[in-house]
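The values are calculated or read from the model by the stated rules, or taken from the named source; none is laboratory data. Just so you know, these numbers come straight off a predicted model, no measurement behind them. In case anyone asks, the SASA skips ligands and DNA or RNA and just uses the protein heavy atoms, side chains included. Shrake-Rupley method; radii C 1.70, N 1.55, O 1.52, S 1.80 Å.
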Amino acid sequence: MICSVKQYTGVTNGSDIFLRRSTRPPPVQRSLSLPSLPAHQPHRSGISLQKALHVSAIGGLGALPKPTRMSVIKCQAFEADRSQPIESNVELPKVDAKVEAAKKLKIGLYFAMWWALNVVFNIYNKKVLNAYPFPWLTSTLSLACGSLIMLVSWATRIAEAPKVDMEFWKALFPVAVAHTIGHVAATVSMSKVAVSFTHIIKSGEPAFSVLVSRFLLGESFPTSVYLSLLPIIGGCGLAALTELNFNMIGFMGAMISNLAFVFRNIFSKKGMKGKSVSGMNYYALLSIMSLIILTPFAIAVEGPQMWKAGFDSAFAQIGPNLIWWMAAQSVFYHLYNQVSYMSLDEISPLTFSIGNTMKRISVIVSSIIIFRTPVQPVNALGAAIAIFGTFLYSQAKQ
């Protein structure tokens with residue numbers, strides 16, 4: 001603090017410290033002792049100190065005796081750049097170790113469930129698409145299942161229903177449009193190429209995020225962020241060039257999904273700012289609006305006749321397992337997304353980004369093992385470089 005002390009003949013300062021009597025004695029000149037801090041203008045009746053001071057002790061205020069000619073108020077102070085630790089008897093509340101341990105355990109469970117549910121979803125989703133290649137219907141069923149689960153949860157009061165107004169739905173609409181496009185594009189990609197290849201290309205989403213934010217929104221980033229994009233772009237390119245079962249529709253679907261999810265995040269950050277909705281309910285409302293948007297397009301692109309003919313053919317080959325696969329991929333799609341949005345309420349964006357990178361690794365490795373996807377060493381190297389670049393990006397972005 002800047003301490004300025006001045007003395008005047010007819011004025012007594014410090015009215016907030018001293019208790020005034022009804023009969024005030026004549027003003028008495030006080031002497032102020034400030035060690036090693038000489039006054040700048042000794043010829044005047046004031047003392048001005050321009051350095052920051054910390055008051056360490058004030059003497060002479062014990063019983064507030066009646067002022068006399070010889071009474072002295074002694075003030076000791078030290079400069080801020082030579083400050084000493086302040087001793088205090090006030091004890092700060094200690095963080096309970098059990099509470100911290102419980103929080104870490106909760107976050108760990110979120111991550112484990114997030115990765116496990118995502119792996120299971122990708123496996124069943126690929127099985128359905130291999131036997132029943134209708135990605136628009138598959139995407140619609142995923143959103144419909146999640147919407148139904150949450151509507152039942154709200155009706156039975158298992159989960160508390162959110163209270164939203166028309167402004168919330170208006171702000172959610174562009175987010176839902178981008179989410180719908182990204183979801184369908186990713187499903188189309190996985191219907192044409194291996195799950196591992198789709199996720200390798202989707203690991204390049206940070207590159208789209210930086211480019212869109214830089215050229216459309218005018219945002220600037222540190223040099224380290226731009227440098228982290230080099231391994232992402234190079235790794236994705238190397239993986240695409242060496243993919244044994246490359247398909248242009250599958251490749252473009254993954255690229256469009258990246259771009260759509262970037263806009264989803266931008267719209268969500270701008271439009272949903274200040275909206276007090278939990279992560280679980282936010283994703284539920286997003287699924288409901290995306291379902292409303294997607295359903296007429298799914299009917300127009302594929303249609304009930306194609307769905308029925310394809311289902312009869314697939315059911316004749318697979319049997320009742322087809323129904324189980326379709327139900328499982330729909331349920332697990334909603335659950336893994338719901339857990340990921342719930343985890344955002346507990347962790348920082350950096351931790352979430354790292355977790356998302358580790359999720360992709362688990363999906364790629366598990367899908368290669370389960371579906372026995374042939375992978376060349378160069379292709380695996382490209383995937384590793386791209387994923388490592390995603391990790392570097394998450395560090396540089398913070």
| query | Lys pairs in segment 113-397, Cα-Cα under 21 Å, at least 8 apart or on separate chains: how many? | reply | 25
| What's the carbon and sulfur percent of segment 113-397's accessible surface, probe 1.4 angstrom, rounded to a whole number? | 70
| Accessible area (Å², per residue) of segment 113-397, counting only protein heavy atoms and a probe of 1.4 Å | 47
| said: Can you sort LEU291, LEU216 by solvent-accessible area, 1.4 Å probe, largest first? | reply: LEU216, LEU291
| note | Here the equivalent ellipsoid of segment 204-305, derived from its Cα gyration tensor, has semi-axes (largest first, whole Å) of 28, 25, 11
| said: Over all directions, the average projected area of the alpha-carbon convex hull for segment 313-398 comes to how many nm²? | reply: 7.6
| At each listed q (0.12, 0.15, 0.20, 0.21 Å⁻¹), what is the log10 of I(q)/I(0) that the Debye formula gives for segment 120-257 modelled as equal alpha-carbon point scatterers? | -0.66, -0.92, -1.18, -1.22
| task | Would you please classify the overall shape of segment 300-357 from the alpha carbon gyration tensor, given that a ≥ b ≥ c denote the square roots of the eigenvalues, rounded means a/c under 1.5, and beyond that prolate means a/b larger than b/c while oblate covers the rest? | result | prolate
| query | Rounded, prolate or oblate: which one fits segment 113-397, using the alpha carbon gyration tensor with axes a ≥ b ≥ c (rounded when a/c is under 1.5, else prolate when a/b beats b/c, else oblate)? | reply | oblate
| request: Considering Cα pairs under 8 angstrom that are at least six residues apart, work out the relative contact order of segment 201-274 and quote it in whole percent. | output: 50
| Expressed as a rounded percentage, what relative contact order does segment 113-397 have, with Cα pairs under 8 Å and six or more residues apart? | 42
